Amino acid sequence: MRNPYEVLGVATTASSADIQKAYRKLAKKLHPDLNPGDKAAEEKFKEVAGAYDLLGDAEKRKRFDDGEIDATGAERPQQHFYRDFATSDHGHPYTDSSGYADFMDSDDAFAELLRRGDRARANRRGRDLHYQLAIDFAESITGANKRLTLPDGGTLDVTIPPGLVDGQILRLRGKGAPGSGKGGAGDALIEVEVLPDHRFTREGDDISLELPVSLSEAVLGGRIRVPTPTGDVTMAVPKGSNTGTTLRLKGKGAPRRSGGHGDQFVRLKVVLPKPPDPELEAFVSNWDKGKAFNPREDSGS
């Protein structure tokens, strides 16, 4: 901590009245209730409050001037900071209403502001607590009820809404840390991680899937089973399908906020049997039209 005289901007020979006046001026400028959200102002106010705690007390000031204690009060913990005003048991001048007496004659409005701030801190809302929850890809599409185990051994029941996306944060009101006094509990903020499923890719409200098909299914067509996040369905493969042929399963995607569902797109991938089939090799060897066909002709290759 800096020299308290420098913090308050007064000389070492300043009178008690000058010190009080300097503190009051700085407190009006830097008080957190007058600068909501300004962390720099709050830190400066703490420093000013600490300086006044030392120099505003005649005995402490004398000990400091005599070199018996340093700017922090030497042997004792720093109980003089702003956050400790309402909780300290070490006789800080602002732990109760009597500590505002030095403001009463000249600035009742400012003293009342400090009182209101003190009451607000005594009934402060609890902190929001942050957690993470991993769910399966299918659960992100269909929704689910999950139970989250907390670090302290407790649990939270979490309802996963259908269509949730990776990184979305769910808020459980009143499930955070308890407040003080009449302040209510904070909230539990749960960031959801959607575990990847190697079969599916989500693009907005639509889902994509690459599905292997046999040569026979590609050439002759047929009906095959296709996985979706809500279970398998039957889909017709047209005759003469190629790798890259994309089919649509309408309404099998993720729920839309506006209502309804996206679609699932199925991209076919023709897969030859393993190990190579001698009968297929013999057929292709004798298939003159197959040899004459150039699949790269349209691409200019």
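Readers should treat all values here as calculations from the given coordinates under stated rules, not as data from a laboratory. Predicted, not measured: the structure shown is a model, and the values here were computed from it. Glycine gets a Cβ as well: all are built from the backbone with ideal geometry, and neighbour counts include every protein chain shown.
For HIS261, the residues whose modelled amide H falls within less than 5 Å of its own, excluding neighbours fewer than 5 places apart on the same chain, are ARG256. Per residue, the average separation of C-alpha pairs within less than 8 Å and at least 6 apart gives the range 200-292 a relative contact order of 31 percent. Distant-in-sequence amide contacts of GLY186, defined by a placed amide H-H separation under 5 Å and a gap of 5 or more residues or a different chain, comprise GLY126, ARG127, GLY176, ALA177, GLY179. Peptides 3-10, 61-68 ordered by packing proxy, namely the average of other Cβ atoms within 10 Å per residue, highest first: 3-10, 61-68. Phi angles across the range 208-214 convert, under the Karplus curve 6.51 cos²θ - 1.76 cosθ + 1.60 with θ = phi - 60°, into 3J(HN,Hα) values of 10, 8, 9, 10, x, 10, 7 Hz, Gly and Pro given as x. Of the trypsin sites (Lys or Arg not before Pro) found in the range 150-180, the ones in coil according to DSSP and having at most 16 other Cβ atoms within 10 Å of their Cβ are ARG173. Among 281-293, 211-223, sorting by the average number of other beta carbon atoms lying within 10 angstrom of each residue, highest first, gives 211-223, 281-293. Scanning residues 5 or more positions from VAL237 or on other chains, those with amide H under 5 Å from its amide H are GLY222, ARG223, ILE224, with H placed 1.01 Å from N in the peptide plane. Using every pair of separate Cα atoms, the Kirkwood estimate puts the hydrodynamic radius of the range 172-256 at 16.6 angstrom.
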